[in-house]
Each structure stands twice: as C-alpha cells, then as structure tokens.
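Presented below is the structure to which this report refers.
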C-alpha cells in the first residue's frame, strides 16, 4: 500500500515537477541555423561562380519533383535541381526551378527594400579578397570596401564590401579586426574565404521581428549596433542610410542579422505574390530542437507558405519540413527529423 508523502516532501515534489515542465516549455524551438537557400536561374553558372570564385565546395546535387515538393514550395508542376555547397562549417543551398521558371530580381532593387537578403562571407584579408573579386569581374553593389568608423563601438574597424552573384543576389565579404567577431574567424590558416558569419534581412520593425525570432523561436540577441555615416551609405549604396542592426544566434550555425532602416524609410515591402521560383526568393533553414510535429502549437500564429508540413528525403536523410514567413514575409524553412 502506498503511503502519503509528508506535506513538505509533497510540496517539494510539486515544485520540482513544475520546474521540470517550465524548463521543457522554455527550451528554444530552434537549435541551429542551417543552410541559407537561394533561388538561381542557371545552376551550372551559379556552381561555377560559388565554387571557383568564392571557393565553396559542392556537397550534393539532386533533383526533385512531385506532389510533396509542390505542396512544400507552393509551386504547382515544379521540377527543381538543388545543390548544397559548403564553405568552412556553413552551407548554402542553391535551387534552380527547371519548371516553372520564375521572375528575375527586380532591376530597381535597393538594399533597403525588404526583399533584400544576403550572406556575409568572412575573409582572412580584405585587400586580397577584393583584388580576387575584381580579377573575376564581379558586379559591384558597394562603391568599394568600407571600413566602419572607430566611433561606432560595436562595429568600428570592421571592413565590408557588397557585390552581386550572376543572378543579382547581393553578397558580402566581411573582415573582423582583433576583438570583434567569433574567435574562429581569427584562427591562423591560409584559406582566403573562411565561412559564413550570418545572413542579413531587412525588417520594418525590430521589435516585431524579435517577438518572432527571439520570443517564438528561441534565438538570442548576440549583438546590437547603430550604423550611419558615409561609410554605411557607400556600403549599402543607399544615401542617408541609418540602420539599427540586431544580430541573433541559435546554439550553432550562422547568425541572422536584422537590418532596420531608420532612414530612409522608403524601402518597399516584399511583394505578396513572390514565389519560391522567383529569383528574389531566399529561404533560411532553421533546425528544430526535437520533433516539429510535437511543437506545432508554437507555429499557430505564423504565415505558412507550405500548404502543410511535408516529409522529404534530402541527402538520404528523411526530414519533416514546414515553410512559413516571418513578419516581413521572409521565407523560413523549419526542419526536424521525421517520425518513423
């Protein structure tokens, strides 16, 4: 026969149980940031650019078609070629829609338009990296490499340059002075291009984005900066640029940087009819901690792109994937191990 617990022991047991439930509830939904997805128009051309010019390494190259991927991507009758590439410890995922083709990046795009997204590639030597890019005749997005001013306590001394890939996607090379950036960006070595520090997205309201990425998904603030002045204007190629920048990170993977233009405020929203096969489409993969199906209630308030979560096989691994939009319409793919 079970004897009743003394009152104090019972109280301790209740508190312990409550703390256990609270700890489980407070676990972040996202454990890592995975590959950053980019839609491209010509896979062979893009593979040549990213592997030859930027020294990425091809990891996999696959084709997919069928109803599962139509529902996942929200594009009927698709056939896609997907290539994963690695630089250092980070990956990107290039997707070419063999059918149906989408629209090009708008010719009048500016860096404060909210469909703007880029990846920041860390370089060992800015002068050498810039010379290499010039030798390969990349298209400029900045007027040239910029060194952020010393008065900017959190960003002073950082060197950066924006340029374009063959489809007009903006990319950035970035160099950190001693004492700034992750420790691994300062390790000795010979590679010129080291890895991806973060992907940056333009947002309309930092607080709304924090409620989404920090409060709902469980990412943490890793840094903040207030950037303006001639260097920032020439980096972004936006006259009068004044940005509130918030860096977010999960336990592993590249960060997500929120670019909130305090000025000018004329950046355009992401078009409601932007689809996954349009070249302005980027997709940030977030890896869920545990089973996605078990934590679906967290996603009730998000705006889905997928008609539903789908079980897919990528690189011989079965995963459950759900694509949705953040408060500004940036695509986010949340993935977890699929249930057997």
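The values are calculated or read from the model by the stated rules, or taken from the named source; none is laboratory data. The model shown is predicted, which means the values in this text are computed figures rather than measured ones. When we count neighbours, we look across all protein chains shown, and the Cβ atoms used for this are built from the backbone with ideal geometry, even at glycine.
Overview of values
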| item | result |
| --- | --- |
| Which listed residue is at pLDDT 95 or above, surrounded by 18 or more Cβ atoms within 10 Å (Cβ to Cβ) and farther than 30 Å from residue 233 by Cα, from 80, 36 | 80 |
| Enumeration of residues in the stretch 130-153 that are part of a loop (DSSP other than H, G, I, E, B) and touching a strand residue (DSSP E or B) at 6+ places or on another chain (Cβ under 6 Å) | 138, 141, 142, 145 |
| Conditions (1) within 23 Å of the chain's Cα centre (by Cα); (2) surrounded by 14 or more Cβ atoms within 10 Å (Cβ to Cβ): number failed by residue 89 | (2) |
| Filtered residues of the stretch 69-121 (kept if touching a strand residue (DSSP E or B) at 6+ places or on another chain (Cβ under 6 Å) and within 28 Å of residue 264 (Cα to Cα)) | 112, 114, 116, 117, 118, 119, 120, 121 |
| Criterion (crowded, with 18+ Cβ neighbours inside 10 Å, in contact with a helix residue (DSSP H, G or I) (Cβ under 7 Å, 6 or more places away or on another chain) and closer than 21 Å to residue 259 by Cα) met by exactly one of 117, 146 | 146 |
| Condition check for residue 276: over 28 Å from residue 124 (Cα atoms), at pLDDT 95 or above, touching a helix residue (DSSP H, G or I) at 6+ places or on another chain (Cβ under 7 Å) and crowded, with 20+ Cβ neighbours inside 10 Å | yes |
| Subset of the stretch 161-175 (residues that are surrounded by fewer than 18 Cβ atoms within 10 Å (Cβ to Cβ) and in a loop (DSSP other than H, G, I, E, B)) | 166, 168 |
| Residues of the stretch 46-59 classified as within 16 Å of residue 82 (Cβ to Cβ) and part of a helix (DSSP H, G or I), total | 4 |
| Enumeration of residues in the stretch 232-269 that are buried (at least 21 other Cβ atoms within 10 Å of the Cβ) and part of a helix (DSSP H, G or I) | 232, 235, 236 |
| Matching residues, the stretch 186-204, being under 30 Å from residue 324 (Cβ atoms) and touching a strand residue (DSSP E or B) at 6+ places or on another chain (Cβ under 7 Å) | 195, 196, 197, 198, 199, 200, 201, 202, 203 |
| Count of residues meeting criterion [closer than 19 Å to residue 99 by Cα, in contact (Cβ under 8 Å) with a residue 24 or more places away in the chain and surrounded by fewer than 16 Cβ atoms within 10 Å (Cβ to Cβ)] in the stretch 47-75 | 3 |
| Of all residues making up the stretch 93-129, the number that are closer than 24 Å to residue 44 by Cα and part of a helix (DSSP H, G or I) | 1 |
